[in-house]
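Notes for the one structure printed next.
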Amino acid sequence: MIAFNPSRYQFGHFLKKSIFLSFLLFWSITSAWAQQATIIPIETQRFGMALQVGTDKRVGIIHFGTKLNNSAEYQYAPAMYRRGDDYSGILNAAYTPSGSRNLVEPAIQVTHADGNTSLDLQYVRHNVQKTDNNVSTTSVVLRDPVYGLEVTLYYKVYTAEDVVEQWSVIKNNEKGNVTLNKYASANLYVSANNYWLKHYHGDWAKEMQTEETRLTPGIKVLDTKLGTRANLYQPPSFMVSLDRPATEDEGRVLYGSVEWTGNFRVDLEVDPLNNLRLIAGINPHASEYTLTKGQEFTTPLFLYTYSDKGKGAASRNLHRWARNYRIMQGNGSRLTLLNNWEATYFDFNEPKLAELIKDTKRLGVDMFLLDDGWFANKYPRNADNAGLGDWQENVKKLPHGIGYLVKEAQNNQVKFGIWVEPEMVNPKSELYEKHPDWVIRQPKREEHLYRNQLVLDLSNPKVQDFVFGVLDNIMTKNPNVAFFKWDCNAVIYNAHSEYLKNKQSHLYVDYVRGLYKVLERFRAKYPDLPMMLCSGGGGRVDYGALKYFTEFWVSDNTDPLERIFMQYEYSYFFPAIAHDNHVTDWGKQPIKYRTDVAMMGKLGFDIVVSKLEPNDLQFCQDAVKTYKSLSDVIWHGDLYRLANPRDNDFASVMYVNEAKNRAVMFNYLVSNRYGAGTLSPVKMGGLDPNKKYQVKEINLYPGTQSSITGNTSYSGNYLMTVGFNPNVNARRTSVILEITEAR
Ligand code: GLA
């Protein structure tokens with residue numbers, strides 16, 4: 001990395017110009033020199049990034065990583081790297097423009113009003129705005145000296161959590177329309193010897209498959225082009241370890257996530273100087289965006305956190321940020337529930353549901369959640385190929401409407417929640433017949449369905465009204481509905497909006513903006529109603545959406561063995577209070593194992609309670625009580641990942657409350673091999689080394705006993721240095737330990 005060199009570009013020029021121009025140039029050079037030392041630090045408690053305004057007014061990143069005690073010393077960092085020459089002088093740009101001297105992946109690419117495709121961005125001013133003692137936002141204004149196009153970079157820091165949210169606002173100051181061909185949220189520049197990317201991929205029922213690989217020179221792109229259900233193949237969260245893969249407790253690591261519920265793209269480019277250029281934001285694929293004169297474009301936020309103490313600390317910081325600032329009611333409580341989806345699928349009626357509501361009470365959970373299949377009459381929703389879009393109660397299944405079920409729930413002292421999928425339509429529906437123009441599809445192409453359905457065009461304000469109305473009508477008629485599960489099962493094929501006319505390339509962006517408008521409106525009217533973010537499983541888990549939701553559905557795959565791996569990976573980025581885990585009949589494991597796995601996040605059930613063996617029912621009832629007694633620690637505590645199921649025969653995670661006087665440790669066998677289990681103690685984390693703790697096995701199956709009784713006291717120091725063996729083996733496939741401060 002080298003600093004900007006004004007003489008190379010400006011001095012030759014200087015000699016050729018007239019005296020007047022020379023004077024002007026002299027003036028600009030001297031004023032530029034006066035700014036030479038302008039360093040803009042973006043800092044949290046432990047993280048520091050330094051922007052430097054060069055003598056040529058270009059803003060570059062000269063430090064990214066652990067914060068320095070003295071921010072004046074950031075300026076010395078670039079000279080220490082001897083990795084070759086940066087001929088362009090802008091490899092480290094804070095927001096890399098396209099079409100001028102840049103030769104690498106741009107953060108922004110535009111076509112000016114006169115058709116010119118080059119962009120230069122120079123420093124104008126910067127400013128820091130303090131929200132409170134923890135949060136402040138630095139803004140840096142850049143402008144094209146020829147075209148006047150303006151970009152403001154925003155860096156919002158959450159000091160205690162070591163989290164930064166970054167975005168940009170692009171303003172058209174030209175005389176006519178400007179086309180944005182690429183418009184990233186953030187552009188980072190990181191220096192290390194090696195970069196190890198841990199990223200995710202998957203499909204339905206295969207969420208959060210992971211790879212951790214070294215980045216080689218060139219560009220690795222993480223992206224999606226699916227439109228809705230955008231994360232089916234790839235979620236927008238990832239991490240990059242610097243120098244070597246970070247462990248839970250050691251190493252430098254950057255976590256990143258695009259806060260956008262649609263097409264995103266992250267470019268990770270190891271440049272000719274072996275630095276990492278990271279560019280993240282909306283996917284520009286098929287999404288050129290026109291800005292009219294004077295118009296601004298605000299990009300979504302790119303979220304990141306940095307830790308030099310390993311992945312564990314990075315997760316805990318991100319979780320704390322998410323609970324304090326992002327997820328709805330992040331520090332609040334959640335409703336345990338019984339869902340009927342796998343118990344009945346589409347096959348139910350009033351008496352059957354009334355029984356399930358009684359079972360909800362019997363189980364001891366807080367709420368009954370009615371899933372898909374309750375609506376549509378002309379084309380009844382008896383399978384997934386009809387009725388979607390027709391949100392009237394099916395009169396055969398529910399002759400007395402939702403109101404009757406809400407009352408039944410009240411009579412049984414439980415709450416009532418309901419499933420909706422308001423963005424979608426089956427071609428076999430009245431909605432489709434009435435409003436074919438509301439459907440996203442290419443007029444001259446054959447329709448291509450995903451799960452027998454199509455996507456409604458949320459760029460159209462009338463469709464936004466309709467989608468809002470689906471939920472609002474339910475609430476207006478049944479004000480005691482206590483919960484929504486908002487699903488989204490289809491991707492966008494044949495992207496075309498009748499509403500957008502000649503602005504087709506706005507569709508992917510305007511769809512998401514339309515969705516956010518609906519969610520804003522919903523939240524303005526129903527600020528506290530808990531809501532699950534679901535997308536055929538975890539097809540839409542991002543921090544842009546989670547602003548409006550209390551929780552997300554991890555996956556339709558509820559086989560507990562699979563879930564351990566998924567929940568473990570989600571735990572890097574999302575706190576347990578947001579993970580919806582249900583006990584179902586997937587997998588062949590005993591009920592205890594299934595329940596113990598679901599208890600690691602927010603517990604729910606999707607089983608036929610009436611068919612449970614007496615001991616299984618007793619176990620579930622006890623487990624619900626145990627869970628309620630532990631939920632404060634699980635929902636609001638700090639997470640310590642103790643054993644990774646990918647590297648061991650078992651997985652162990654632990655939650656510790658803030659006072660460090662209570663913790664819970666979950667241990668699961670993940671191998672069937674002979675002798676598999678915890679052969680050594682597992683080192684705990686997060687305890688107070690000076691406190692004494694009792695360790696007791698809880699959540700035992702009726703009739704079984706444990707030798708881990710809590711009679712011995714151990715110091716936190718012992719439990720974190722030697723550890724504790726939960727004694728997981730083929731006869732004890734899941735073990736929950738409660739760790740309490742000894743009095
Ligand atoms: C999706 C959800 C499931 C269930 C079904 C209903 O697949 O992920 O939980 O709600 O839809 O059709």
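Before moving on, here are some points about what is shown:
- Filter result for SER429 (away from the ligand (no atom under 16 Å from the Cβ), small (Gly, Ala, Ser) and touching a residue at least 24 places away in the same chain (Cβ under 8 Å)): no
- Test: ASN729 is in contact (Cβ under 8 Å) with a residue 40 or more places away in the chain and either under 32 Å from the mean Cα position of the chain (by Cα) or under 20 Å from ASP632 (Cα atoms) (or both): no
- Condition met for TYR154 (closer than 27 Å to LYS293 by Cβ, assigned to a loop (DSSP other than H, G, I, E, B) and in contact with an Asp or Glu (Cβ under 9 Å, 6 or more places away or on another chain)): no
Yes/no per residue for (1) of a type outside the set (A, V, I, L, M); (2) more than 27 Å from LYS311 (Cα to Cα); (3) away from the ligand (no atom under 14 Å from the Cβ); (4) part of a helix (DSSP H, G or I):
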residue	(1), (2), (3), (4)
ASP528	yes, yes, yes, no
LEU561	no, no, yes, yes
ILE577	no, no, yes, yes
TRP586	yes, yes, no, no
GLY604	yes, yes, no, no
SER610	yes, yes, yes, yes
VAL624	no, yes, yes, yes
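- Within the option set SER555, SER497, SER505, being buried (at least 18 other Cβ atoms within 10 Å of the Cβ) and either within 16 Å of the ligand (Cβ to nearest atom) or not hydroxyl-bearing (Ser, Thr, Tyr) (or both) holds for one residue only, SER555.
- All positions within the stretch 537-561 that are touching a residue at least 40 places away in the same chain (Cβ under 8 Å) and more than 25 Å from TYR516 (Cα to Cα): ASN557, THR558, PRO560, LEU561
- Subset of the stretch 715-726 (residues that are under 36 Å from the mean Cα position of the chain (by Cα) and either assigned to a strand (DSSP E or B) or on the phi > 0 side of the Ramachandran plot (or both)): GLY723, PHE724
- Residues in the stretch 641-688 that are within 24 Å of the chain's Cα centre (by Cα) and aliphatic (A, V, I, L, M): 6 in all.
- Hits in the stretch 426-474 (condition: within 26 Å of the chain's Cα centre (by Cα) and part of a strand (DSSP E or B)): TYR450, GLN453, LEU454, VAL455, LEU456
- Where strands (runs of 3 or more DSSP E) sit wholly within the stretch 218-268, those with at least 3 residues that are touching a Pro at 6+ places or on another chain (Cβ under 8 Å) occupy 252-259.
- Qualifying residues in the stretch 328-350 (those that are among the hydrophobic types (A, V, I, L, M, F, W, C) and out of contact with any Ser or Thr (no Cβ under 7 Å at 6 or more places or on another chain)) - the one nearest to the ligand (Cβ to nearest atom): TRP341
- Qualifying residues in the stretch 346-382 (those that are part of a loop (DSSP other than H, G, I, E, B) and out of contact with any helix residue (DSSP H, G or I) (no Cβ under 9 Å at 6 or more places or on another chain)) - the one surrounded by the most Cβ atoms within 10 Å (Cβ to Cβ): ARG381
- Selection from the stretch 674-714 of residues that are touching an Asp or Glu at 6+ places or on another chain (Cβ under 7 Å), over 26 Å from ASN615 (Cα atoms) and in a loop (DSSP other than H, G, I, E, B): ALA676, GLY686, LYS691
- Scope the stretch 320-345; condition hydrophobic (A, V, I, L, M, F, W, C), closer than 14 Å to ILE607 by Cα and in a helix (DSSP H, G or I); matching residues: TRP341, ALA343
Bear in mind these aren't lab numbers, they're just calculated from the coordinates by the rules spelled out. These numbers were taken from a predicted model, which means no experiment stands behind them. With ideal geometry, Cβ positions are generated from the backbone for all residues, glycine too; neighbour counts draw on all protein chains shown.
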